[in-house]
Amino acid sequence: MASSAVKSAPLPLEEAQARLLALVAPLEVERLAPEQALGRYLAEPLLARRTQPAADLSAMDGYAVPPGDLCGPWRVIGESAAGHPFAGTLSPGTAARISTGALLPAGTGAVILQEDIARDSDSIALSGEAPSPPGKHIRRQGMDFRLGDLLLPAGTRIGPAQLGLAITAGHSQIAVHRSPRIAIIDSGDELSSGGEACAAHQIPASNGAMLAALAAHIPCTIERLGPVADDLGAIAGVLARAETADLIVTSGGASVGDHDLIRPALEAWGAKIDFWRIAIKPGKPLLVATRAKAQGHQVILGLPGNPVSSHVTAFLFMLPLLRALSGAADALPRTIRTTLAAPLGPGGSRREFLRARWDGDQVAAQSLQDSGAMSSLANSNALIDRAAGAPPAAAGEAVRAYLLENGGMA
């Protein structure tokens with residue numbers, strides 16, 4: 001299996017993503033208070049446990065009046081405030097002062113805006129326009145939802161609005177999938193833990209921190225391991241420390257050079273290589289493997305060591321995998337359609353993801369696209385998706401792009 005995976009042609013992006021996501025199922029279900037579930041994904045459809053509004057309410061500040069007579073005059077016999085309803089009943093010729101969100105008094109036919117009313121002591125009369133239709137300023141019972149209504153499907157991410165909806169719908173707890181446990185491993189003899197003290201033959205170990213920050217877009221438990229040397233024993237030792245992780249992400253050592261030892265270390269550890277290499281630039285030497293554990297199996301994602309390649313493949317593979325483990329209905333990042341602010345030369349032999357800057361209207365590729373150039377990545381907020389062998393493109397031509405903010409799910 002490993003030998004054929006190594007010899008096989010690089011996979012197209014969508015095929016590789018589909019194969020990766022097919023390896024996992026959402027993690028087990030737990031019930032949390034809505035406030036604790038922020039960022040999680042619903043494991044069950046969210047149904048309304050109450051009706052909202054529970055009764056007819058006023059949508060504006062004004063006066064509640066009986067049906068039939070919208071001209072007045074009326075005598076004000078009480079007030080209905082939010083949380084303090086009027087206990088009486090309106091009869092012809094009477095009205096009640098009412099505030100936004102307050103319960104309509106019994107016998108109400110309309111709410112007239114306060115600015116359309118002239119008041120003298122307890123006597124009021126219409127001075128502006130009557131509501132048309134009469135129920136214009138009334139929020140009817142069940143306007144938002146009714147008991148038993150489907151509010152959100154399973155797989156929906158709980159953001160601030162969804163959290164508020166769950167509470168409004170009467171839920172003190174909601175069913176979500178457990179957060180993934182992820183171990184991130186930096187590997188390479190060239191890596192230094194210290195930045196300023198780095199020798200000329202070394203580079204600071206930044207990928208682990210970068211990947212952990214990317215993973216933090218999704219609620220998960222992150223353990224960083226390494227940097228680990230290019231040594232089979234050292235790699236085996238750090239893999240053993242990741243025994244309970246749902247996902248292991250390595251950075252570096254996934255290619256086929258003499259010092260690229262991630263694949264043989266994984267095979268010696270009992271992992272099975274599913275595929276290796278994808279037909280994109282940057283990020284060709286991506287490795288995917290699985291390994292049985294006490295319950296279920298682990299997925300191992302071997303990312304390239306070049307920082308930009310590592311970031312791009314994490315965006316396209318690691319984040320979708322974490323979303324799938326978390327129960328997301330839509331795991332893959334979304335694209336936008338935009339236009340080029342500047343021309344592009346012809347595309348290369350592989351599908352390319354060009355670092356770019358999107359201004360909300362158009363997108364411009366960075367001039368520096370080397371896979372080791374972090375400065376152009378840090379100054380980008382988008383990736384232009386270019387097909388292999390794409391012809392030159394003029395400014396103004398339509399392109400597809402991924403937005404990097406929020407892990408591509410904004």
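Every number in this text was worked out from the coordinates using simple rules, so none of it is lab data. Predicted, not measured: the structure shown is a model, and the values here were computed from it. Cβ atoms come from the backbone with ideal geometry, glycine included; neighbour counts cover every protein chain shown.
Pull up the cross-link candidates among the aspartates and glutamates for Lys293, meaning alpha carbon to alpha carbon under 15 Å and not fewer than 8 places away within one chain.
Glu243, Asp246, Glu267
Which value, in debye to the nearest 20, describes the size of the charge dipole of the stretch 57-139 about its Cα centre when Lys and Arg Cβ atoms bear +1, Asp and Glu Cβ atoms bear -1, and nothing else is charged?
Its charge dipole is roughly 220 debye.
Rounded, prolate or oblate for the stretch 231-353? Axes are the square roots of the Cα gyration tensor eigenvalues, ordered a ≥ b ≥ c, and the cut-off for rounded is a/c under 1.5. Could the numbers behind the result be given before it?
Details: a/c = 2.87, a/b = 1.52, b/c = 1.89.
Verdict is oblate for the stretch 231-353.
Can you work out the base-10 log of I(q)/I(0) for the stretch 28-187 at q = 0.08, 0.09, 0.19 1/Å, using the Debye formula on its C-alpha atoms alone?
Here log10 of I(q) over I(0) equals -0.38, -0.45, -1.00.
Can you find, among Ala154, Ser99, Thr221, the residue farthest towards the positive end of the dipole of the chain? Put +1 on the C-beta of Lys and Arg, -1 on that of Asp and Glu.
Result: Ala154.
Starting from the Cα gyration tensor of the stretch 280-350, take the square roots of the eigenvalues, sort them a ≥ b ≥ c, and report rounded, prolate or oblate (rounded when a/c is under 1.5, otherwise prolate if a/b is larger than b/c, else oblate). Kindly include the intermediate steps, with their values, before the conclusion.
Values: a/c = 3.57, a/b = 1.71, b/c = 2.09.
The shape class here is oblate.
Reported to two decimal places, what Rg/Rh ratio describes the stretch 335-408 when computed on Cα atoms with Rh from the Kirkwood expression?
0.93
When N is the residue count of the stretch 57-139, what does its C-alpha Rg come to as a fraction of 2.2 N^0.38 Å?
0.92
So what does log10 I(q)/I(0) come out to for the chain at q = 0.08, 0.11, 0.15 Å⁻¹, using the Debye formula with one equal point on every Cα and no solvent?
Log-scaled intensity ratios, in q order: -0.60, -0.85, -1.27.
Under a Cβ-only charge scheme (Lys and Arg +1, Asp and Glu -1), can you give me the dipole magnitude of the stretch 335-408 about the Cα centre, in debye to the nearest 20?
On the way: 7 positive and 7 negative charges, 40 e Å.
Here the size comes out at about 200 debye.
Please report the net charge: other residues with Cβ closer than 15 Å to the Cβ of Glu28, K and R +1, D and E -1.
In short, +2.
Taking the Cα centre of each part, how many Å lie between the stretch 136-174 and the stretch 45-62?
The distance from the Cα centre of the stretch 136-174 to that of the stretch 45-62 comes to 10 Å.
Using Cβ contacts closer than 10 Å as the measure, can you line up Ser8, Ser58, Ser380 from fewest to most?
Result, fewest neighbours first: Ser8, Ser380, Ser58.
Testing the spin-label approximation: label points 7 Å from Cα along Cα→Cβ at Ser349 and Asp361. State their distance in nm.
With each label point 7 Å from Cα toward Cβ, the separation is 4.0 nm.
Between Ala212 and Ala154, how many nm apart are label points set 7 Å from Cα along the C-beta direction?
Going from the Ala212 label point to the Ala154 one covers 3.4 nm.
Take Cys71, Cys220 and order them by how many other Cβ atoms sit within 10 Å, fewest up front.
Cys71, Cys220
I'd like to compare 101-107, 357-363: which one has the highest average count of other Cβ atoms within 10 Å, and what's the full order after that?
With the highest mean Cβ count within 10 Å placed first, the list reads 101-107, 357-363.
So if I take the centroid of the Cα atoms in the stretch 94-108 and the same for the stretch 343-382, what is the distance between those two points in Å?
After rounding, the separation between the Cα centres reads 60 Å.
Please compute P(r) over all alpha-carbon pairs of the stretch 294-395, binned at 5 Å starting from zero, and give each bin as a whole-number percent.
2, 11, 18, 21, 20, 13, 8, 4, 2, 1, 0, 0
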